[in-house]
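Below you'll find the structure, written out as structure tokens, and then a few comments.
The values are calculated or read from the model by the stated rules, or taken from the named source; none is laboratory data. Fair warning: this is a prediction, and the values are worked out from it, not measured in the lab. When we count neighbours, we look across all protein chains shown, and the Cβ atoms used for this are built from the backbone with ideal geometry, even at glycine. For accessibility, only protein heavy atoms count, side chains too; no ligands or nucleic acids. Shrake-Rupley method; radii C 1.70, N 1.55, O 1.52, S 1.80 Å.
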Amino acid sequence: MRLRAAVCLLGRFPALAGTDLDVHEREVLLLSGPNGAGKTTLLRLLAGLVRLRSGKAEVLGVDLARDRRSHRRRLGFMGHDTLCYDDLTVRENLRFATRSAGATAATADDVLTRVGLEEQADVAHQRLSAGQCRRLSLAVALSRSPDLLLLDEPHAGLDPAGRSMLDSVISEAPSAGTTVIVASHETERVRSLADREVRIVGGRAERAVLERPSVDSAPSAEGGP
Amino acid sequence: MSLAREVWLVAGKDLRVEARSRVTLNQVLPFGAVVLLLFAFALDPDRGLLSEVAPGLFWVAVLLAAVLAVSRSFAVEAEHGAIDGLRLSGLDGASVFLGKTLAIAVQLLLLELVLGIGVVVFYDTAVRSVAVLVLAGVAATVGIAATGTLFGVLAAGLRTRETLVPLLLLPIVAPVMLGATRAFEAGLDGVPSEAWPWVQLLALFAVLYLGVGVLAFGSLLEDA
């Protein structure tokens, strides 16, 4: 995955203002940075949800300037919203996501168990707690066995058990062939799982910690030593 | 996955959401019935006139209810970022368009059935050629649903979509209302030969907007 001088506009505001970034296969990358830095926009660009205004962006071998759609079935996206329907149950929402990606209903049931929502399988989305919504959002992202997993503040709202489950998902993903990009303010927690950290400031990738940070040399919560 | 399976997946999802929320049953249908009743009150002194203009009043009521159904179809997608989920799903834009059109058309056909019974009862209208009414009704409904889905996604990302959808949709489907009204008049009068040109016009409109939607919906969904 490669970005070169990537610019994205939200209205007239350049949410990404010329970002360069390389992400390697099976890597776990942490995106850190202050609110409004452009982390969410960067993830949405990689998912093909926002248009690339200038520069180059190649994700999973697809040039996003030409084609924002064809890589989507190979990625999982966990954003701030669940991307689900209030009146459908957890299982129905998940089955819609898996079937639309060409996967089977059995996959949906497996993922439900993995994120610990099997007891809420027949509960309507509108009756879920905030933490359960986060689990469902993760389940939707995982349901298509993605090659690229994009997680935006994934720990927010999760209870300790949920956070541990999420940590396992992130740490096990590379061995399953999945590249993971996590935008998070919980930098200390994610650093322990990440191979690399890139700090985003003012819509640009400001600094990359190129080697997996050890506990002793881990950058501060503000983004780096 | 084949086009037909994708279409059914989207339509099934939308119909299931409506079956659970019952917005069509509890709000859209009563709204259409209220519109019919208001026309009846307004024209009550002359029941002959009411019977005469029944087809036009019926289709005005259907169109106004269709605006609600279309708005609802895309309001559901706006909640919890579901429209992003739809884009990320990998489903073909044409499949999403046809699926949402099918779901809206099914709801409208049920609505028309109930409102049609209401017209017969409240407006004292005799039905002479059911086949014409069914054919014209289906063709007009597909046209309205296809146009509504197309303009619904156009307004989906805008805060003003509730007011923009009727503003965009109603002028475009005016020919459908005209054709359907004329076809229904002929059907109620028992003169099918006068209805066929209008049914053909309705079918042409439906095919035209289905074609435009299949080609354009994917791009519109990307920018919604």
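If you average the C-alpha positions of the range A:98-116 and of the range B:1-42 separately, how far apart do those two centres end up, in angstrom?
First find each Cα centre; the distance between them is then 29 Å.
On C-alpha positions alone, give me the angle between the axis of helix B:54-78 and the longest principal axis of chain B, in degrees, nearest 10.
Rounded to the nearest ten degrees, it is 10.
Could you check what % of the DSSP bridge pairs in the protein assembly as shown are antiparallel, to the nearest 5?
Values: 19 of 36 bridges.
Of the beta bridges lying entirely in the protein assembly as shown, close to 55 percent run antiparallel.
Averaging over all projection directions, find the projected area of the Cα convex hull of the protein assembly as shown and quote it in nm² with one decimal place.
On the way: hull surface 90.5 nm².
Projected over every direction and averaged, the Cα hull of the protein assembly as shown covers 22.6 nm².
For B:ILE144, B:ILE172, what's the largest-to-smallest order of accessible area, 1.4 Å probe?
B:ILE172, B:ILE144
Round to a whole number: what % of the accessible area of the range A:34-115 belongs to carbon and sulfur, probe 1.4 Å?
On the range A:34-115, the fraction of accessible area on carbon and sulfur atoms equals 42 percent.
Given +1 on the Cβ of Lys and Arg, -1 on the Cβ of Asp and Glu, and no further charges, what dipole in debye does chain B carry about its Cα centre, rounded to the nearest 20?
The calculation lands at about 400 debye.
Could you give the accessible area per residue of the range B:3-222, probe 1.4 Å, as a whole number in Å²?
It amounts to 43 Å² per residue over the range B:3-222.
If you place +1 on the Cβ of every Lys and Arg and -1 on the Cβ of every Asp and Glu, how big does the dipole about the Cα centre of chain A come out, in debye to the nearest 20?
Working: 31 positive and 30 negative charges, 202 e Å.
Using Cβ point charges on Lys, Arg, Asp and Glu, chain A gives about 980 debye.
How large is the charge dipole for the protein assembly as shown, taken about the Cα centre, if only the Cβ atoms of Lys, Arg (+1) and Asp, Glu (-1) carry charge, to the nearest 20 debye?
760 debye
In terms of solvent-accessible area of protein heavy atoms at a 1.4 angstrom probe, what is the ranking of B:VAL173, B:VAL121, B:VAL60, highest value first?
Listed by decreasing accessible area, they come as B:VAL121, B:VAL60, B:VAL173.
Quick check: net charge around B:PRO197, other residues with Cβ under 13 Å of its Cβ, Lys/Arg +1 and Asp/Glu -1?
-1
Let me confirm one metric for peptide B:87-96, namely the mean number of other chain beta-carbon atoms within 10 Å of its residues' beta-carbons.
6
Go ahead and estimate [θ] at 222 nm for chain B from helices alone: -39,500 (n - 2.57) per DSSP H run with n ≥ 4, summed, over the residue count, rounded to 500. Could the numbers behind the result be given before it?
On the way: 10 runs with 186 residues, N = 224.
Estimated from H runs of four or more residues: -28500 deg cm²/dmol.
Compute for chains B and A the buried accessible surface, both sides summed, probe 1.4 Å, and express it in Å² to the nearest 100.
Roughly 2300 Å².
Compute the angle between helix B:29-42 and the longest alpha-carbon principal axis of chain B, please, reported from 0 to 90 degrees and rounded to the nearest 10.
For helix B:29-42, the angle is close to 30 degrees.
Which one, A:ALA17, A:MET78, A:LEU49, projects farthest toward the positive side of the charge dipole computed for the range A:16-86 from Cβ point charges (K/R +1, D/E -1)?
A:LEU49
If the cut-off is 19 Å between C-alpha atoms, which lysines fall inside it for A:LYS56, apart from same-chain ones fewer than 8 positions away?
Result set, ordered by chain and number: A:LYS39.
Place a label point 7 angstrom from the Cα of B:ALA75 along the Cα-to-Cβ direction, then list the residues of the range A:89-130 whose backbone nitrogen is under 20 Å away.
A:89, A:125-127
Count charges around B:LYS13 for me, please; just the other residues with Cβ under 12 Å from its Cβ, Lys/Arg as +1, Asp/Glu as -1.
Every neighbour counted, the sum reads -1.
If one takes the longest principal axis of the Cα atoms in chain B, at what angle in degrees, from 0 to 90 and to the nearest 10, does the Cα axis of helix B:192-222 lie?
It works out to around 20 degrees.
Comparing the chain by itself with all protein chains present, which residues of the range A:53-70 are at least 10 Å² less accessible (probe 1.4 Å)?
Buried by the other chains: A:ARG68, A:ARG69.
Accessible area drop of at least 10 Å² (1.4 Å probe, protein heavy atoms): which residues of the range A:104-148 qualify, relative to the chain alone?
When all protein chains are present, A:HIS125, A:ARG144 each give up 10 Å² or more of accessible surface.
Taking 1 over the mean of 1/r across every pair of different Cα atoms in the range A:2-209, what Kirkwood radius in Å do you get?
17.2 Å
Rounded, prolate or oblate: pick one for chain B, where a ≥ b ≥ c are the square roots of the eigenvalues of its C-alpha gyration tensor, a/c under 1.5 means rounded, and failing that, prolate if a/b is larger than b/c, else oblate.
Details: a/c = 2.18, a/b = 1.68, b/c = 1.30.
Cα axes put chain B in the prolate bin.
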